[in-house]
1. Using the per-residue mean of other Cβ atoms lying within 10 Å as a proxy for protection, in what order, highest first, do the peptides 136-149, 101-114, 325-338 fall?
2. Loop only by DSSP, 11 or fewer other Cβ within 10 Å of the Cβ. Give me the trypsin sites (Lys or Arg not before Pro) in the range 250-352 that pass, ordered by residue number.
3. Please list 3J(HN,Hα) in residue order for the range 127-144, calculated via the Karplus relation 6.51 cos²θ - 1.76 cosθ + 1.60 where θ = phi - 60°; whole Hz, with x for glycine and proline.
4. Grab the Cα-Cα distance for LYS29 and MET419, subtract it from 0.36 nm times how many residues apart they are, and report the gain in nm with one decimal.
5. Using label points projected 7 Å from each Cα along Cα→Cβ, tell me how many nm separate ILE13 and SER183, to one decimal.
6. How far, in nm, would the chain grow between SER103 and VAL435 when pulled straight, counting 0.36 nm per residue and subtracting the alpha carbon separation?
7. Could you work out the helix-only [θ] at 222 nm for the chain, with each DSSP H run of four or more residues adding -39,500 (n - 2.57) and the total divided by the number of residues, to the nearest 500 deg cm²/dmol?
8. Determine ³J(HN,Hα), in whole Hz, for all residues of the range 51-60 in sequence, where each value follows from phi through the Karplus function 6.51 cos²θ - 1.76 cosθ + 1.60 and θ = phi - 60°; x replaces Gly and Pro.
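The values are calculated or read from the model by the stated rules, or taken from the named source; none is laboratory data. Just so it is clear, the model here is predicted, and its values are computed rather than measured. Glycine gets a Cβ as well: all are built from the backbone with ideal geometry, and neighbour counts include every protein chain shown. Heavy atoms of the whole protein, side chains included, go into the accessibility calculation; ligands, DNA and RNA do not. Shrake-Rupley method; radii C 1.70, N 1.55, O 1.52, S 1.80 Å.
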Amino acid sequence: MSLVQNFPFFSIIIAMFSGILSSVLDGKKARNLSVAAILLTTVMSVFVLGFCLDTGQSYTYMMGHFPAPWGNEIRAGVLEGLTAVLFGLVMFFSVTGGMSHTSVDVEESKQNLFYIMIDLMLSSLLALIYTNDLFTAYVFVEINTIAGCGLIMIRQVGRSLSSAIRYMIMSQLGSGLFLIGLSLLYDVTGHLLMSPAGEAVKAIEAAGSYEVPMLVIMAVISVGLAIKSGLYPFHYWIPDTYGYATPAASAILSGLVSKGYIFLLIKIFYRVLGRENVIASQMVNVLFVFGLAGMMMGSFHAILEKDTRRMIAYSSVAQIGYIYMGIGLGTQAGMVAAVFHMFTHSATKALLFISAVGLYEVSGNKKDYKSLRGAGYRNPLAGIGFAVGSLSMVGFPMLAGFISKLLFATSALQSPHKMLPTVIALAISTILNAVYFLRLMITLYSIPESKEEQVDVDRASERPAKSSRKLELAVVSFILLNLVLGLYSQPIVAAIGSGLMMFD
């Protein structure tokens, strides 16, 4: 076994030990350690991706000396490596971009705790990507939940505490259902490793036994992870969670956390339950319907919002709906589109939250539309970043969002019974996206309507003259990442397709 094949395990352990070491460090040292851990694990993920692309196959890494089916395994392939690289980049840009605000929003005595939560979040996301063990996945689902709750409530102001409680309640509901599904699956198959459990499921389906228990298992696992990822109508924790956390936490929570749960669900569909079995059970049809509902209702709520933070958060509800709609198409092309949109949403939503911070800085830290009039002139780079993110979500050519919607439209052609509702929903959702995103863009580049508004703007502009250099670099980096996903999508889409083939 080459050294590179150890990197997935090393990445998870490095992130976890960074959190442990940060507990005895002050805030500045904990911050530096956390940033170093993110960079190191991302570089390792690049090597893993290169190794899997070179060999053209996935591999398993046995932890300890116990082989399957008793031991614990990590499995890495092209899609795992690609996802880990993207998640690492988004987390690095989010943490560095929101660093100056973290030092202000979080008490000095608790800043090391913030970076402990960042480290735990990183380790849990990497574990959800790489693990080949169902119970290990559940353990890191819970670690992810605790870290996310800590990131939300660490500000201890306004609605952050109530948001954290709501997040915890909904997350534990989803975790409980997921655990019930895993318990039933273990009872039926006798395995917790994904590959042996998948073989047992194939034998069960071939024998025609346990039809009702298997349907229950599919439903409970799907609903549990759908709740945790914020699929409509289980989305009510999202607006407060994303809207009242620190900028770095909001970017990470909106861009990465839900995607980790969706990635785990896709792995279970392919590697454990069997994609053909999931399609035959009609579970994909249920996810398809709720995905379409999320695309519509998330956009309607976003249009009605006056607080721009909550508007951006409700947009995430619609984008999660896109991903589940792609999964619900039940085709390989639909799954590729769903995974690519996971990447698109991760990069774009983090860009929107980080750019919005720069706009709030020059608007008296106010988030309503009236106060943000002309903010694009007062902070040009943040205005450009928000415009790029908005146009990407609408589906402007050359940007990542355009490729996502193109993939969804073309994949719908392979599913005749779902083609018409998919195309109609894409069209309506795109129009709704344009309504609330372009409305805010127009506001950012509009002059105040009255002298009173002009006085308020002048007073707001007296505060911070410009964003921190780190925030500006993060905005530029996210813009470039979005352009890479949009302009160089073909090799990325091909890698996603080959990675999904390795899931079987």
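1. On the way: 136-149: 20.6, 101-114: 17.3, 325-338: 24.1.
Top to bottom by mean Cβ count within 10 Å: 325-338, 136-149, 101-114.
2. Details: sites: LYS259, LYS267, ARG271, ARG275, LYS306, ARG309, ARG310, LYS349; in loops: LYS306.
Taking the range 250-352 and a limit of 11 other Cβ atoms within 10 Å, the loop trypsin sites (Lys or Arg not before Pro) found are LYS306.
3. Values, residue by residue: 5, 5, 6, 9, 5, 10, 10, 5, 6, 4, 4, 5, 4, 6, 4, 5, 4, 4 Hz.
4. Length gained between LYS29 and MET419: 135.1 nm.
5. Between ILE13 and SER183, the simple spin-label model gives 3.3 nm.
6. Details: separation 332, 0.36 × 332 = 119.52 nm, distance 3.52 nm.
Between SER103 and VAL435, full extension yields an extra 116.0 nm.
7. Values: 23 runs with 383 residues, N = 504.
After summing the helix terms and dividing by residue count, I get -25500 deg cm²/dmol.
8. Karplus-based 3J(HN,Hα) across the range 51-60 equals 5, 5, 5, 5, 7, x, 8, 8, 8, 10 Hz.
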